[in-house]
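Visitor: Encoded as C-alpha cells, here's the structure I'll be asking about.
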Amino acid sequence: MSDLTDILAMTLDELKERLTELGEKPFRAAQIFEWLHKKRVGSFDEMTNISAALREKLKSEFSFEHIQPVRVLKSQKDGTEKILYALADGNHIETVLMSYEHGDSLCVSSQAGCRMGCRFCASTIAGFKRNLEPQEILGQLYETERVTGRKVSSIVLMGIGEPLDNFDNVVKFLKILSSPEGTNMSLRHVSLSTCGLVDRIYDLAELDLGLTLSISLHSPYNAKRSELMPINNRYKIEELMKACRDYFAKTGRRISFEYALIEGENDSPEDAKALVSILGGMPYHINIIPVNSIKERNYRSDRPAAQRFCALLTELGANATVRRTLGADINAACGQLRREYEGI
C-alpha cells in the first residue's frame, strides 16, 4: 500500500483544503470529486476536464488504489452474488449482493477479519488482520456495481468485521457515501450491525446519521450471551438495552435486533418470553436467522425451527420476522469464502 493519502478516502472539504494548499482553485475539488464518486473513473488520466499538469500533480500527491475482485460466485437459486476482493496489501474481504423487492442490497465488510470472537461466526475464526480504510469500504460498492452491472439501492454493514470497532473509518465512509456531490445515497438506506459496543452506540447516537442500527443479540440471558458472544463480558445485556433505549430517544430510529437461532441453545419458549421482556419499552424489530453451519462448531438450526420461534414471539406481541435465506448454494454467509481462499 502507498504511503500517500488515497484520494478516494477524502471528503470534499478535505480535498478542497488540500488542493488550496497546492495552489489550486477550490472548484477543482468538486470536479475531481465528481470524477471519483459519480463517474467513478479508474485513473487520474481519465479526468478529461482537468489539465495535464494538475493530473500529474495529483499523481504525485495522492494514491488511487482499487480493490480487485478475485472470485465471483452467483447463486443459481436466487441470483445472490458473492465477491471475494483482494486488498492492496494481500488481505481479502467479502461482499454479498442480494436481491429484494425494494431493490438490490449490498452487504459490505468493515474489517479484514474480526476480533469480537462470536462463537458461531466464521469471520472471527480466521482472526483479525486490520481495519478497512474508508476507500476500501466504498470500493466494495463501486467495484460490485461495475463487476455485476447491477445498481445497489441499499447497504448493510454486516459483512466481515465489527463496524463500531472501526468507528472513525466507517463514519468517514458514510459521509463520503452520502455526499450530495458524490454517490448521494441517503443513510436511511444504510443499516449498521454491531455485536454491542455500548460506548460507540452512544457516539453513533450523537451523530444522528439517520441510519438503521441493528444489534446482534442472540440470547436474552447474560450467561448464555457471554458464552456465544464474548463482548457480553464487557457490556452486559442491561447496559446494552439502556444504550439502545437512549439511542432511540436521541434519534427516533427503531432498532432491529438480530437473533441467530441455535438448536438447544436459545430456541425455547422461555427464551422467547425473556427476549420480549428485555426489549419492552421501545419500538423494535426482531430478525430471526437460522444459524449458519461452520465446520468448527456443532451449532445447527433450520427455517422451520426459526418459523416456530417467530410464532412464539408473535403470540407474545413481538414484532418479529424470519430473515430470507439467500445464496445458500454459494455459502453466502460472511467469512467462508475468504477462509477457503486463504486456506485459513
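The values are calculated or read from the model by the stated rules, or taken from the named source; none is laboratory data. Only a predicted model underlies this, so the values are computations on that prediction, with no experimental measurement involved. A quick note on method: Cβ atoms are made from the backbone with ideal geometry, for glycine too, and the neighbour counts reach across all protein chains shown.
Visitor: Which one of these is among the hydrophobic types (A, V, I, L, M, F, W, C), closer than 30 Å to Met229 by Cα and in contact with a His (Cβ under 7 Å, 6 or more places away or on another chain): Leu97, Leu84?
Guide: Selected residue: Leu84, the only one of Leu97, Leu84 that is among the hydrophobic types (A, V, I, L, M, F, W, C), closer than 30 Å to Met229 by Cα and in contact with a His (Cβ under 7 Å, 6 or more places away or on another chain).
Visitor: Checking Ile176 against (1) farther than 16 Å from Ile7 by Cα; (2) outside any loop (DSSP other than H, G, I, E, B), which single condition isn't satisfied?
Guide: All conditions pass for Ile176, except number (1).
Visitor: Turning to a different aspect of this structure: Does Ile160 satisfy the criteria of being β-branched (Val, Ile, Thr) and assigned to a loop (DSSP other than H, G, I, E, B)?
Guide: Yes, satisfied.
Visitor: Can you name the number of the only condition in (1) in contact with a helix residue (DSSP H, G or I) (Cβ under 9 Å, 6 or more places away or on another chain); (2) over 22 Å from Ala122 (Cα atoms); (3) free of Cβ contacts under 8 Å to residues at least 60 places away in the same chain that Ala274 fails?
Guide: Result: Ala274 fails condition (1) only.
Visitor: What tally of residues in the range 11-41 results from selecting those that are under 30 Å from Ile93 (Cα atoms) and modelled with pLDDT under 95?
Guide: Qualifying residue count, the range 11-41: 0.
Visitor: Would you pick out the residues in the range 88-113 that are outside any strand (DSSP E or B), crowded, with 18+ Cβ neighbours inside 10 Å and in contact (Cβ under 8 Å) with a residue 60 or more places away in the chain?
Guide: Passing the criteria: Ser109, Ser110.
Visitor: Across the range 235-288, what is the total count of residues that are in contact with a Gly (Cβ under 9 Å, 6 or more places away or on another chain), basic (Lys, Arg) and not in a helix (DSSP H, G or I)?
Guide: Total meeting the criteria: 1.
Visitor: Conditions first: (1) at pLDDT below 95; (2) among the charged types (D, E, K, R); (3) closer than 20 Å to Leu209 by Cβ. Glu133 passes all but one, so which condition is the exception?
Guide: (1)
Visitor: Would you be able to say whether some residue in the range 149-159 is under 17 Å from the mean Cα position of the chain (by Cα), assigned by TED's automatic domain parsing to the domain that holds Glu81 and farther than 22 Å from Leu84 by Cα?
Guide: Checking the range 149-159: not a single residue is under 17 Å from the mean Cα position of the chain (by Cα), assigned by TED's automatic domain parsing to the domain that holds Glu81 and farther than 22 Å from Leu84 by Cα.
Visitor: Can you name every residue in the range 1-19 that is of a type in the set (A, V, I, L, M) and surrounded by 18 or more Cβ atoms within 10 Å (Cβ to Cβ)?
Guide: Passing the criteria: Ile7, Leu8, Ala9, Met10, Leu12, Leu15, Leu19.
Visitor: Pull up the range 20-51, narrow it to residues that are in contact (Cβ under 8 Å) with a residue 60 or more places away in the chain and not in a helix (DSSP H, G or I), then point me to the one that is surrounded by the most Cβ atoms within 10 Å (Cβ to Cβ).
Guide: Arg40
Visitor: Here's a follow-up. Kindly check whether there is at least one residue in the range 212-226 that is over 15 Å from Gly280 (Cα atoms), of a type outside the set (Gly, Ala, Ser), without any contact (Cβ under 8 Å) to a residue 24 or more places away in the chain and out of contact with any Lys or Arg (no Cβ under 8 Å at 6 or more places or on another chain).
Guide: Yes, the range 212-226 contains at least one residue that is over 15 Å from Gly280 (Cα atoms), of a type outside the set (Gly, Ala, Ser), without any contact (Cβ under 8 Å) to a residue 24 or more places away in the chain and out of contact with any Lys or Arg (no Cβ under 8 Å at 6 or more places or on another chain).
Visitor: Is there a residue in the range 323-344 that is small (Gly, Ala, Ser) and modelled with pLDDT of 95 or more?
Guide: Within the range 323-344 (the criterion being small (Gly, Ala, Ser) and modelled with pLDDT of 95 or more), the answer is no, since none of the residues qualifies.
Visitor: Can you tell me which residues in the range 52-87 are hydrophobic (A, V, I, L, M, F, W, C), surrounded by fewer than 17 Cβ atoms within 10 Å (Cβ to Cβ) and closer than 21 Å to Asp3 by Cα?
Guide: If the condition is that a residue be hydrophobic (A, V, I, L, M, F, W, C), surrounded by fewer than 17 Cβ atoms within 10 Å (Cβ to Cβ) and closer than 21 Å to Asp3 by Cα, then Ala86 is the only one that fits.
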